[in-house]
1. Kindly indicate whether TRP83 is closer than 25 Å to ALA20 by Cα and not acidic (Asp, Glu).
2. With the structure loaded, tell me whether THR107 is open to solvent by 40 Å² or more (accessible area, probe 1.4 Å) and within 14 Å of the chain's Cα centre (by Cα) or whether it fails that test.
3. I'm checking my understanding of the structure. Among residues of the range 44-70 that are surrounded by fewer than 17 Cβ atoms within 10 Å (Cβ to Cβ) and modelled with pLDDT under 85, which one is farthest from the chain's Cα centre (by Cα)?
4. Failed condition for PRO19, given (1) in contact (Cβ under 8 Å) with a residue 60 or more places away in the chain; (2) touching a Phe, Trp or Tyr at 6+ places or on another chain (Cβ under 7 Å); (3) not in a strand (DSSP E or B), with all others met?
5. So which residues in the range 23-38 are under 13 Å from the mean Cα position of the chain (by Cα) and not charged (D, E, K, R)?
6. For residues that are among the small types (Gly, Ala, Ser), in a loop (DSSP other than H, G, I, E, B) and without any contact (Cβ under 8 Å) to a residue 24 or more places away in the chain, scanning just the range 131-176, find the one that is surrounded by the most Cβ atoms within 10 Å (Cβ to Cβ).
Amino acid sequence: YLDGGKSWDLVNEAYYNLPATTEMVMHPDKYFKGEEGVSLSAPEIPLDGWDMTISDTMGEFFIRTMLADHIPSNNASRAASGWGGDRLVLFQNESDYLFVFNISWDTRRDAEEFLDGYRVLMETLDGRTINNGDNFTEWMVDGEWILLVDENDTLNRTVLAGSSNPHIIELCMGEL
């Protein structure tokens, strides 16, 4: 109680105003500012006969953990910080799947740090580059096709897509 109990008052207040994102838990300053992140939807992709089985926000902690499984944790933390919102959707049919992970970043630099971190992740997985353009890279890793697109828009978005079917990734490239 060196601060007269004020710290506990803040903790007690958090029970009435729960953090809305993992970013708010990881960065208390963003909690106190009320920075909740932008609400994103997944890009519309015409998939006849496919069911959307997941549509959710994953958050900064998920991104950091995904990266930290394959790159040094300090690099993963840097690549995940600056998260501004996301939407992950998973589509499935009888034999294939497609995930699309639409991520917004606070700044252009944050987006670039994620792009760099994700490219290192693909190197550690021995991803074979299939196609490399000005704003996208496509890899093949263990029979899965992965597409990373740098949207470079006002939300500083990056979009990840992955599928067991290369034709679906080609379709995504036309829609993103």
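1. Here the answer is yes, as TRP83 does meet what is asked.
2. no
3. By that ranking, first place goes to PRO46.
4. Evaluating PRO19 over (1) in contact (Cβ under 8 Å) with a residue 60 or more places away in the chain; (2) touching a Phe, Trp or Tyr at 6+ places or on another chain (Cβ under 7 Å); (3) not in a strand (DSSP E or B) leaves (1) as the failure.
5. Scanning the range 23-38 gives GLY37, VAL38.
6. Among them, the one singled out is GLY133.
Residue by residue, here is whether (1) open to solvent by 50 Å² or more (accessible area, probe 1.4 Å); (2) aromatic (Phe, Trp, Tyr); (3) modelled with pLDDT under 75 holds:
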{"site": "TYR15", "(1), (2), (3)": "yes, yes, no"}
{"site": "PRO28", "(1), (2), (3)": "yes, no, yes"}
{"site": "LYS33", "(1), (2), (3)": "yes, no, no"}
{"site": "ALA42", "(1), (2), (3)": "no, no, no"}
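The values are calculated or read from the model by the stated rules, or taken from the named source; none is laboratory data. Bear in mind that the values here come from a model prediction, so they are computed numbers and not experimental data. Glycine also receives a Cβ, built like all others from the backbone with ideal geometry; neighbour counts cover every protein chain displayed. Remember, those area values only see protein heavy atoms, side chains included, never the ligands or the DNA or RNA. Shrake-Rupley method; radii C 1.70, N 1.55, O 1.52, S 1.80 Å.
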